[in-house]
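As structure tokens, the structure follows; a few thoughts come after it.
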Amino acid sequence: MKHNEDPKRGGGLGRRFAAVVSALAMLGTMAATGTAVAATAGGEATPDVSTTTGVPVSADKAVRSVPAPQARAAAEPPVSGSLLVNETFKNSTFSEPDKWSTTNDACLTAGYGNCKNTEDTSNIQGNQGNGYLQLTDGSTGKRGAVLYNQGIPARNGLDISFNYFMYGGTALGEQNGDGISFFLTDGAATLSQTGAGGAGMGYASVDEDGDGTWRGDTPRAEGIAQGVLGVGLDQFGNFSVQHVYHRGTTDRITGGNDCQTEWPGGSEHLTLRGQGSLVNGKWNGGYCVVSETTVSGGFRTGESQRGGAPGDAGKTVRVIISTPDADGYQTVSVYINGTAVVENQKLDYKLPSTIKFGFSAGTGAASQAQLIRGLTAHSLESLPDINLVKAVNKDTYPDADTHVFKEGDSVPYVFTVSNGGNTDLTNVRVTDKHIANIECPATTLAVGHSMTCRGTLTLTKEMARPGSFTNTATATGTSGAKQVSDDDSVTINTVKGVEIVAPQHRKYIKDNGDGTYTLSLDVTGKSTASDEGNGVDVFLLADTTGSMKTDNRFVNLKQASKQLADSVLTSDNAKLGDKGVKIAAIPFATDAPADGLKEVNFTSTASDLTKTICGNDSTCSSVEDGWTMDTSGVGGTNWKAALDYVNQHANDLGARADAKKIIVFVTDGAPKVDKNTDKNVEEFTPSLWNSSLTSAKTLANAGYEFINVDVTSADSDSSKSVYMDPSTQSASTQVCSTKKCDTFSGNKTTSDWNKGNWAYGNYDSDNRPAKWKLSLNVFTDRINDAKPGIAQYLNAKGGDLQTAFKSIVAKITHTDTSYRNVTITDDLSQYAQVKDLTAQDVSKATVTARNADGEALNPQPVAGKDYKATYKAGTAEGANGASTGTVTLQFLNNYELKSGYTYTLSFNVRPTQQAYTDYASNAGKNTDGYAGNKGDAGTDVPGTAADKQTSSNKPGFYSNKDATLTYQQCVTTSVNGGASASNCENGDPTSYAKPVLQVKLGSIPVSKEWANSSAADHKNDTVTVALQQCLDSKCTSSTDTGKTLTLKYSDDSSSSFAGSFSDLLPGTYRVVETKVNDNPASQSGYAVSYKYASGETFTTLSVKDGVIVNAPRITVSNSRTAVAALPLTGGTTGRAWLIASGVLLALAGCSYLVWRKRMA
């Protein structure tokens, strides 16, 4: 900006005073403190005294056809809430000196010598009890502020009143300056300094010359940190001016480059500016004008009087902030001397739960004395006796509302405790079950006072895993004779942990048929990925119609697109190649791509995307660089064109055939055709909505997912918001002209459409359709009808696309789940003993990896490098019920189980002696001998036929006391890098199923020889023998087992007069002949003799290596002696059983004869 030009481009008046402005600006520069030149707004240019005020101007400088808000004599409501702050400023010190502070030239006049500058204020100095807060005296080039650094609760609304004085000083162009600002900041952050002076009035950021360099390309002066509302009593007129930034501008930019609505401003304006925002770590964004109103009669007051009544000749300002509505939004009303200047101005952002506040004033070449007195702050609705508000400390986390915390983070909280009752509180303390030792500055709290307590939480894995964490604090105290308390909760965003799911695992047993079994324990490596490992293609469809300039939507779209690209298209993502994320972008308006704009083909490089969308503007805050809006006023919002472009040109854009497809569809209006095509339609074309839905369903059925982002603000843009019945399947024809519509589907009459809401349905008390949805929301529902869950709807209220896009990042991020540090432990039971394994040699324990098709992993895991198998012996043969040992398989060196491969540990076991002992003990107590134990389902070798299974739901002894699987589940976010052990979490140990084994019982074969005759001579004879079990080792006594055999002749010599006692437990037995034909043996006429091995009178059925040893079939020799031989049959192990003198003996390789002598 040139020295001889007015910053508001005021015209002739500015040029007439050019010389004066130049000289006095230099004076202001020399005198100012703080932000130097930026603080001397009044001295920088000749004011443009405009009477056309309160009217926002569109970005192309055309004045909107909306009425200018004017002050009106509305009834001022009574004060009804709880006292929060009471400061008269009449004394030489503050009533709460630890909470108030002054900056620069501000001072309390009641103290002698407190104020160094006293032009126009000398008469009020040093009058204890009747002083003022002097922000500036009447001299030029001054600046001062007072800050209240104690949070007070805002959820119950706020009612803040103060008296101010503006008088004296030096006028410039018939105007004094600058004025007083009253501002609110977030109560969770420290308030220690103001924002830019001059046009910023201590609240907003200021860039004095845009992109110009006439002042040495001075950097933008920051706004106040965490500012949430600025109320400007703008005497001079610069605070109320808002120029829209565009590349190359030399206009002063008050507020951020993201402010997209022109406001002409002017002197004597009461101006509201909205919240500020961080841009590259500095408070340079936001602070945009919310409203401005010309104050009838101006702001100037009479002089303050020494010792006069409170307020003297000043004026009273009252700022009322409503309680939050159902969606959390609040309104602002401002009264001056009881007259409403601003009434129920709704903010399109949410105020914080606590606020701090302050005042600021400055003078430049134009000056005046600016004083404050008699401040009170009340809640709008009464607080409880003790009130607690909890918040994350925004000194540490300025972005706490959107910050994503992770495991291990220290989360600092501030706890604002207020006394909303009528009695001082004692024994005040704050507790939180997750935070130890919350510190408060005192244990007492006076009526109408607040204090801040502090504590820090360390975020654990369990807290972070759900994706958010809510915890509750409690404030307690004593009010008179009663105990009082209040709770408050805060929810923070966290890095969502993937639910820990144990890998697939299975244990099964195989009967080898020789008395041994093979135990196998499986674990399967499994990967779960959001895109099945084939990458993600994101189509960004962006509305570039002229309405996107409202609420700064277009700039927000650009900046959110940059955020999306920077968050997803990282260098690590690029390393993934076709398994990574790529983004394409298509702008649309009447056509797709929008006329004159270039689409972005699929890319994995962030700069490719931002270069096209934002041009050379690295901050993406320009509406003229890169993509631009269609501001012709006749363009359409052609949803169908955008969706059809994806369907028809996906391959041209570089889409991958096997990648997941996600459409991010961003728009701020319902679909409508080009007004040049259909003059009867302004805001909504039902047929286009229907055809767009058809196109969307086609894509959905092809597997495209939708994230539909609605940036419509129903409150600020109600004249263009199209609501629909949630059940609407197909919109009918509607004819609209000049915002008046005929009946739509027979629902409403023309007069109903004159409400200004493009809707059909019933209206609520706020003149909005009741229980109906915006058209894009219904559109999303209908897409989900075609394919449930395929579409998601997001409403970015106030154009807050960056917050909405954060959830998109989470959705399109590629995540894999894998398993590492896996250990299998099998603790054998007393019934199973390993075979061929020792602590020194576990080579017979095999480890293999195969996929579902049986194909071996190549290379197979290597012993000593990838895994280690060990055996630790326990109690031999399971004596006394103890484990016989433990087999362990441990994967080494962070070995990651390969996806889709099953790793199997196998080794052989046999039944123990304890198995036989317990079976023998159980046999007399139950039918199966296994005490009712049955194997778990699925514990036979996979694929075993049901009739061949020996374990699944079969009786037997459990092979293991316990078998467990321990592991780490590792989550890899592909767009942020590769696998990392730091991203692994230990899963809870999980148990394997329990298979069973059975003991293998023995048999004793018996055969018969007839002495001096052949078996054929006894074709008609039968012989019955009984089995007896010995009661001692020498078989001096025995008991009948109840088992008998009847031996008969057979033409088959191998079975003639032969049989076998089977299903026998280990023990000592003997055989006794009891009958010949039907006669008792003693009466048969034959003498009986028994021949056992080694001359014993019994045989022992023993167990070797866990397997019962059966006798072989005996060889029988004939004798002329009149006896019969009873040889033994069967057996598989080469051991024989001899029956001699009525006792069975086990002898390997021998023949056993039972001789029976025929009696004479």
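The values are calculated or read from the model by the stated rules, or taken from the named source; none is laboratory data. Keep in mind that what you see is a predicted model, and the values were worked out from it rather than measured. Reconstructed Cβ throughout: ideal geometry from the backbone, glycine too, with neighbour counts over all protein chains shown.
Things to note:
- Residue in region 408-418 that is out of contact with any Pro (no Cβ under 8 Å at 6 or more places or on another chain) and without any contact (Cβ under 8 Å) to a residue 24 or more places away in the chain present: no
- Single condition I320 does not satisfy, out of (1) hydrophobic (A, V, I, L, M, F, W, C); (2) touching a Ser or Thr at 6+ places or on another chain (Cβ under 6 Å); (3) within 30 Å of N123 (Cβ to Cβ): (3)
- Condition check for D725: at pLDDT below 60, surrounded by fewer than 23 Cβ atoms within 10 Å (Cβ to Cβ) and not hydrophobic (A, V, I, L, M, F, W, C): no
- Residues satisfying the stated conditions in region 1021-1073, i.e. among the acidic types (D, E) and assigned to a strand (DSSP E or B): D1040, D1063, E1073
- In region 374-424, the qualifying residues are those that are among the small types (G, A, S) and not in a strand (DSSP E or B), and the one that is surrounded by the fewest Cβ atoms within 10 Å (Cβ to Cβ) is G408.
- Subset of region 623-667 (residues that are of a type in the set (A, V, I, L, M) and free of Cβ contacts under 8 Å to residues at least 12 places away in the same chain): A657
- Only a single item in (1) assigned to a loop (DSSP other than H, G, I, E, B); (2) in contact with a Pro (Cβ under 9 Å, 6 or more places away or on another chain); (3) surrounded by fewer than 22 Cβ atoms within 10 Å (Cβ to Cβ) is not met by V999, and it is number (3).
- Contacts under 6 angstrom Cβ, first residue in region 549-578 being free of Cβ contacts under 8 Å to residues at least 40 places away in the same chain, partner crowded, with 20+ Cβ neighbours inside 10 Å, 6 or more apart: A574/S604
- Residue list for region 589-637, restricted to those being part of a strand (DSSP E or B) and either of a type in the set (S, T, N, Q) or over 33 Å from the mean Cα position of the chain (by Cα) (or both): N601, T603, D630, T637
- Look at (1) part of a strand (DSSP E or B); (2) within 19 Å of E985 (Cα to Cα) and you find that N471 fails only one, number (2).
- Test: residue in region 240-250 that is within 19 Å of G364 (Cα to Cα), buried (at least 22 other Cβ atoms within 10 Å of the Cβ), within 42 Å of the chain's Cα centre (by Cα) and of a type in the set (V, I, T): yes
- Taken together, L191, L229 contain a single residue that is touching a strand residue (DSSP E or B) at 6+ places or on another chain (Cβ under 9 Å), hydrophobic (A, V, I, L, M, F, W, C), under 26 Å from S161 (Cα atoms) and not in a loop (DSSP other than H, G, I, E, B), which is L229.
- Among the residues of region 696-718, some residue qualifies, meaning at least one is in contact with a Lys or Arg (Cβ under 6 Å, 6 or more places away or on another chain), at pLDDT 85 or above and surrounded by 20 or more Cβ atoms within 10 Å (Cβ to Cβ).
- For the residues A879, A804, A839, the requirement of being at negative phi, modelled with pLDDT under 95 and in a loop (DSSP other than H, G, I, E, B) singles out A839.
- Scanning region 858-876 for residues that are assigned to a loop (DSSP other than H, G, I, E, B), touching a Phe, Trp or Tyr at 6+ places or on another chain (Cβ under 7 Å) and either at pLDDT below 95 or under 25 Å from S959 (Cβ atoms) (or both) turns up just one, P861.
- Strands (runs of 3 or more DSSP E) (entirely within region 72-181) containing at least 3 residues that are surrounded by 24 or more Cβ atoms within 10 Å (Cβ to Cβ): 133-136, 143-153, 158-167
- One residue stands out among those in region 930-981 that are on the phi > 0 side of the Ramachandran plot and modelled with pLDDT under 90: the one that is surrounded by the fewest Cβ atoms within 10 Å (Cβ to Cβ), which is G932.
- Criterion violated by K1034 - all others in (1) surrounded by 15 or more Cβ atoms within 10 Å (Cβ to Cβ); (2) of a type in the set (K, R); (3) modelled with pLDDT under 85 satisfied: (1)
- Looking only at region 842-857, and only at residues there that are outside any loop (DSSP other than H, G, I, E, B) and not β-branched (V, I, T), the one that is surrounded by the fewest Cβ atoms within 10 Å (Cβ to Cβ): A856
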